[in-house]
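Asker: One structure is given below, represented as structure tokens, and several questions about it will come after.
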């Protein structure tokens, strides 16, 4: 009886102790935002952040021990070491509870960077505040956070850093020194606060801006790749349609022969004759449709391998985006002794030219002039529409991703960026400007770039 009671008590005690440990871990995970499954995964990996924080922990511990024991400057070791130990404990907790490849959410990364700023502020508060030359390190976690976090989180982190620096400026203790504390005038401390605050804000703003531009460029390039992938999928669907037409041809021919034989054997007044006639007619219709698919696909497959004049390619692409109210004029200006440039229209080139022609036709009031110019130095395509022209505030930035004046109409601001990127792969340069009667877009290839990209010596 006693053993059973003891075993029962022990079992209950064990069951109580385990949840306490789990609750502590769960509480810490909740504080760091690691338990919310709805949190969107961020941009920074745990391994990267953990490595950076271990460098900070080792550097802080080495500096404190070196200054206290090697230089003989008395420091409050009993208060400094626990502050460093807490940072190391959080790092160990993250390492043992998450995979190294885990991408921390925005909230988790913000809390960790915020803790790093506060932890560093705590160490500085015990060692002279802004009088300590290591106060400049407050900008490090702020800059790392700005490079990986969103704008809202960066602003919150910047406010925390400024608040920490402001609090350190009022720390009354002097800088620990060999015999007595080293005091500095209040004006010097105010100047240090001003310098560190300005440096922190400027570094955060610069790091966030550079990182944001990199992210936008990456997203835009991904959108361009998706657009090209869509064209490749359409091409694959066309190939699949041709294969299906070929495979269905034989059974369809058998059905057609059988239907004709059945129709010939049935009497005029047979009730099945009308149904058999319908079957025959529908079979003939299916054969006609499949034959049409095969002819169109055969034409589409051979078209990319046929060299065509540049003006014909432009006219063909523009016909896809034609508007009844806009007149399309395609002309050529060729120098004496030269012919019109010929090329094989690749999907990338067709997509780039299509974006520009679609924009021109979309903004034109009544006319879009497309002009092919060719001399001994270069090949040019000039698109001149009679629309309102480019807005002055975006003209200088055209070609950057997510820049659009038509977001209200569903525009993403990627058309000109994608066109610029794809044309650059062929060696072309894009120039945009406003004329007195509309907008002008000029695409230029040097003779050498045209020869490399399209295999024809035009100069």
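Asker: Just to verify a result, which residue in the range 376-391, among those that are in contact with a strand residue (DSSP E or B) (Cβ under 8 Å, 6 or more places away or on another chain) and surrounded by fewer than 17 Cβ atoms within 10 Å (Cβ to Cβ), is modelled with the highest pLDDT?
Answerer: Of everything passing the filter in the range 376-391, 377 is modelled with the highest pLDDT.
Asker: Still on this structure, I have one more. Can residue 329 be described as out of contact with any helix residue (DSSP H, G or I) (no Cβ under 6 Å at 6 or more places or on another chain) and under 23 Å from residue 452 (Cβ atoms)?
Answerer: no
Yes/no matrix, rows are residues, columns are (1) more than 33 Å from the chain's Cα centre (by Cα); (2) within 20 Å of residue 191 (Cα to Cα); (3) in a helix (DSSP H, G or I):
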{"position": "121", "(1), (2), (3)": "yes, yes, yes"}
{"position": "127", "(1), (2), (3)": "yes, yes, no"}
{"position": "141", "(1), (2), (3)": "no, no, yes"}
{"position": "153", "(1), (2), (3)": "no, no, yes"}
{"position": "158", "(1), (2), (3)": "no, yes, yes"}
{"position": "164", "(1), (2), (3)": "yes, yes, yes"}
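Asker: Name the residue, out of 71, 130, 157, 80, that is closer than 27 Å to residue 176 by Cβ and surrounded by 22 or more Cβ atoms within 10 Å (Cβ to Cβ).
Answerer: Being closer than 27 Å to residue 176 by Cβ and surrounded by 22 or more Cβ atoms within 10 Å (Cβ to Cβ) holds for just one of 71, 130, 157, 80, which is 130.
Asker: Follow-up question, since we're still on this one. How do the pairs read when you match residues in the range 44-66 that are in contact (Cβ under 8 Å) with a residue 60 or more places away in the chain and on the phi < 0 side of the Ramachandran plot with residues anywhere that are surrounded by 14 or more Cβ atoms within 10 Å (Cβ to Cβ) and outside any helix (DSSP H, G or I), using Cβ under 6 Å and keeping only pairs 6 or more apart or on different chains?
Answerer: 44/104
Asker: In the range 346-373, which residues are farther than 22 Å from residue 385 by Cβ and either surrounded by 20 or more Cβ atoms within 10 Å (Cβ to Cβ) or touching a residue at least 60 places away in the same chain (Cβ under 8 Å) (or both)?
Answerer: 347, 348 - these are the residues of the range 346-373 that are farther than 22 Å from residue 385 by Cβ and either surrounded by 20 or more Cβ atoms within 10 Å (Cβ to Cβ) or touching a residue at least 60 places away in the same chain (Cβ under 8 Å) (or both).
Asker: Say whether the condition of being within 18 Å of residue 429 (Cβ to Cβ) and crowded, with 19+ Cβ neighbours inside 10 Å is met by at least one residue in the range 314-324.
Answerer: yes
Asker: A follow-up question, please. For the condition assigned to a helix (DSSP H, G or I), closer than 14 Å to residue 423 by Cα, out of contact with any helix residue (DSSP H, G or I) (no Cβ under 6 Å at 6 or more places or on another chain) and modelled with pLDDT of 85 or more, what is the one hit in 357, 353, 349?
Answerer: It is 349.
Asker: Separate question: Check whether at least one residue in the range 209-230 is within 17 Å of residue 135 (Cα to Cα), surrounded by 12 or more Cβ atoms within 10 Å (Cβ to Cβ) and not assigned by TED's automatic domain parsing to the domain that holds residue 419, and report yes or no.
Answerer: So far as the range 209-230 goes, no, none of its residues is within 17 Å of residue 135 (Cα to Cα), surrounded by 12 or more Cβ atoms within 10 Å (Cβ to Cβ) and not assigned by TED's automatic domain parsing to the domain that holds residue 419.
Asker: As an exercise: evaluate residue 184 against (1) part of a helix (DSSP H, G or I); (2) touching a residue at least 24 places away in the same chain (Cβ under 8 Å) and give the number of the one condition it does not meet.
Answerer: (1)
Results for (1) touching a helix residue (DSSP H, G or I) at 6+ places or on another chain (Cβ under 8 Å); (2) modelled with pLDDT under 85, shown as yes or no for each residue.
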site: 72; (1), (2): no, no
site: 82; (1), (2): no, no
site: 87; (1), (2): yes, no
site: 99; (1), (2): yes, yes
site: 112; (1), (2): yes, no
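The values are calculated or read from the model by the stated rules, or taken from the named source; none is laboratory data. On a predicted model such as this, the values are computed, not experimentally measured, just so you know. No Cβ is skipped: glycine too gets one built from the backbone with ideal geometry, and neighbour counts run over all protein chains shown.
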